[in-house]
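The values are calculated or read from the model by the stated rules, or taken from the named source; none is laboratory data. Being a predicted model, the structure only gives us computed values, none of them experimental. Note that each Cβ is placed from the backbone with ideal geometry, even for glycine, and that neighbours are counted across all protein chains shown. Just so you know, the surface numbers come from the protein's heavy atoms only, side chains and all, with ligands and any DNA or RNA stripped out. Shrake-Rupley method; radii C 1.70, N 1.55, O 1.52, S 1.80 Å.
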Amino acid sequence: MTETLVRVDDSGAVRTLTLNRPQALNSFTTQMHEQLRSALDQAATDTAVRCLVITGAGRGFCAGQDLSDPAIAPDLTPGAQPKDIGALIEACYRPLALRIRAMPMPVVAAVNGVAAGAGANLALGCDMVVAARSASFIQAFSKIGLIPDCGGTWLLPRLVGRARALGLAMTGDKLPAEQAERMGLIWQCVDDAALMDTVQALAARLAAMPVKALAQTRLAMDAAGEMTLDQALQREAELQRGLGRAHDYQEGAAAFLHKRTPTFKDR
Ligand code: T3D
């Protein structure tokens, strides 16, 4: 029987994906990548899912690549060829980072413990990151002779600016969740015991909102970084044109005018 490396749980319109290799701090094997990709694809096509939460089982969120995975673990036999880590990145981390950024609903990371290497950047690639006070973020790559991946080189400077991005990436120091919140790397740091209730309440709130507009907000902001102001304004007009014709805007505006609670359904 296949081991469940990504647990899937639904509560109303919120789907929670739990990375489930707690014995290795939920570090990624090829199999866990496959299961996560498949779970993300299922959530993307299931119109009942209006908000996605990603978290980890046990005391860690995700410690990045499982360094003992035969796909990449160094072969110390004399004369052995080095493994092609680029191929692993292309096959696993690139599709993962792109999928998360293209999900048609908001994605919230509930960082329950240490998030290291690609595990940190998996969390930081989500739309909102809520971390337990005991959690931490580690750009562990520099310690093993690599650069930040899973989108780290793109995400970090955008989130905290060049100086802090390079500081975090070059030192590989552990950044406690409270400090991550203070520097704007994450949305919120909460007491450990409050993490899942806080995240589920946030996710339920987002799920009741016009999620198509929320997903397009992410797309527009991601694209705007590479645009002039005029190009960004043009893109806003294009997206707003589409959203303005959709159900949720008609519903949201009508509900406002009639002083009633809107019911959004676009996805
Ligand atoms: O080939 C490539 O690498 C390309 C892909 C790159 C993407 C990446 O993510 S590169 C970065 C990979 N990750 C790391 O370098 C982090 C390695 N882990 C750590 O530095 C520490 O485990 C932590 C700082 C995250 C947590 O430390 P601590 O003291 O709380 O826990 P621990 O005792 O080190 O770990 C607990 C167990 O998980 C332990 O197993 P054991 O001894 O109880 O059987 C440890 O070996 C295992 N574990 C943790 N991280 C990994 C891991 N096993 C395999 N791979 C890991 N990444």
>> Counting only GluC sites (Glu not before Pro) that sit in a DSSP loop (anything but H, G, I, E, B) with at most 13 other Cβ atoms within 10 Å, what is the longest stretch of the chain containing none of them?
In response: 4-225
> Do you know the relative contact order of the chain, to the nearest whole percent, from alpha carbon pairs under 8 angstrom that are 6+ apart?
Replying inline: 17 percent
> Along the three principal axes, how long is segment 211-257 when you take its alpha carbons, biggest first, rounded to the nearest angstrom?
Replying inline: 35, 18, 15
> Once the piece of chain linking ASP84 and LEU233 is laid out straight, how much longer is it, given 0.36 nm per residue of separation minus the C-alpha distance between them?
Replying inline: 49.4 nm
>> Output wanted: per-residue J couplings in Hz (rounded whole) for segment 69-82, from phi through Karplus 6.51 cos²θ - 1.76 cosθ + 1.60, θ = phi - 60°, x for Gly and Pro.
In response: 4, x, 4, 10, 4, x, 8, 8, 5, x, x, 5, 6, x
> Taking a label point 7 Å from the Cα of SER142 along the Cα→Cβ vector, which residues of segment 117-131 have an amide N closer than 20 Å to it?
Replying inline: 117-125
> Non-local amide H neighbours of ALA116 (under 5 Å, H modeled in plane, Pro and chain starts lacking H): which ones?
Replying inline: CYS62, ALA63, GLY64, ILE138
>> Per residue of segment 46-62, what does 6.51 cos²θ - 1.76 cosθ + 1.60 with θ = phi - 60° give for ³J(HN,Hα)? Whole Hz please, x for Gly and Pro, Karplus curve as stated.
In response: 8, 5, 6, 8, 10, 7, 10, 10, 10, 9, x, 7, x, 8, x, 7, 6
>> Can you give me the orientation-averaged projected area of the convex hull built on the Cα atoms of segment 55-126, in nm²?
In response: 5.6 nm²
> With all protein chains present, how much of the accessible area of segment 120-188 (probe radius 1.4 Å) comes from carbon and sulfur, to the nearest whole percent?
Replying inline: 58 percent
> Put +1 on the Cβ of every Lys and Arg and -1 on every Asp and Glu Cβ in the chain; which of ALA232, PRO157, ALA131 then has its Cα farthest towards the positive end of the dipole?
Replying inline: ALA232
> Taking amide hydrogens as modeled 1.01 Å from N in the peptide plane, which residues meet the under 5 Å criterion relative to CYS189, leaving out close sequence neighbours?
Replying inline: ALA131
> In terms of Cα to Cα distance under 18 Å, which lysines are near enough to LYS212, apart from those fewer than 8 places away along the same chain?
Replying inline: LYS265
> What accessible area, in Å² to the nearest ten, does a 1.4 Å probe give for LEU159?
Replying inline: 60 Å²
> What is the set of long-range amide H partners of GLY56 at a cut-off below 5 Å, with H atoms built 1.01 Å from backbone N?
Replying inline: LEU19, ASN112
>> Rounded to the nearest 20 debye, what is the charge dipole size of the chain about its Cα centre when +1 sits on each Lys and Arg Cβ and -1 on each Asp and Glu Cβ?
In response: 560 debye
> What percentage of the solvent-accessible surface of segment 211-257, computed with a 1.4 Å probe over protein heavy atoms, is contributed by carbon and sulfur atoms?
Replying inline: 59 percent
> Is any helix in the chain, taking whole DSSP H runs, at least 20 angstrom long along its axis by alpha carbon and on average at least -1.0 on the Kyte-Doolittle scale, and which ones?
Replying inline: 30-45, 229-245
>> Could you tell me how many cubic angstrom of Cα convex hull volume the chain has per residue?
In response: 150 Å³
>> Loop-only trypsin sites (Lys or Arg not before Pro) in segment 1-108, please: DSSP not H, G, I, E or B, and at most 15 other Cβ atoms within 10 Å.
In response: ARG59, LYS83
>> Could you report segment 6-207's accessible area per residue, 1.4 Å probe, as an integer in Å²?
In response: 44 Å²
>> Using a Förster radius of 22 Å, what is the FRET efficiency between ALA194 and ARG7 based on their Cβ-Cβ separation? Nearest 0.05, please.
In response: 0.55
> In whole percent, what relative contact order does segment 1-123 give with Cα contacts below 8 Å and a gap of six or more residues?
Replying inline: 30 percent
>> Please state the shape class of segment 167-213: rounded when a/c is under 1.5, otherwise prolate if a/b exceeds b/c and oblate if not, all from the C-alpha gyration tensor.
In response: oblate
> Given a 1.4 Å probe, how much area per residue of segment 211-257 is accessible, in Å²?
Replying inline: 66 Å²
> In sequence order, what are the phi-derived ³J(HN,Hα) couplings for segment 180-190 according to the Karplus relation 6.51 cos²θ - 1.76 cosθ + 1.60 with θ = phi - 60°, rounded to whole Hz, with x for glycine and proline?
Replying inline: 4, 5, 4, 8, x, 6, 10, 6, 7, 10, 10
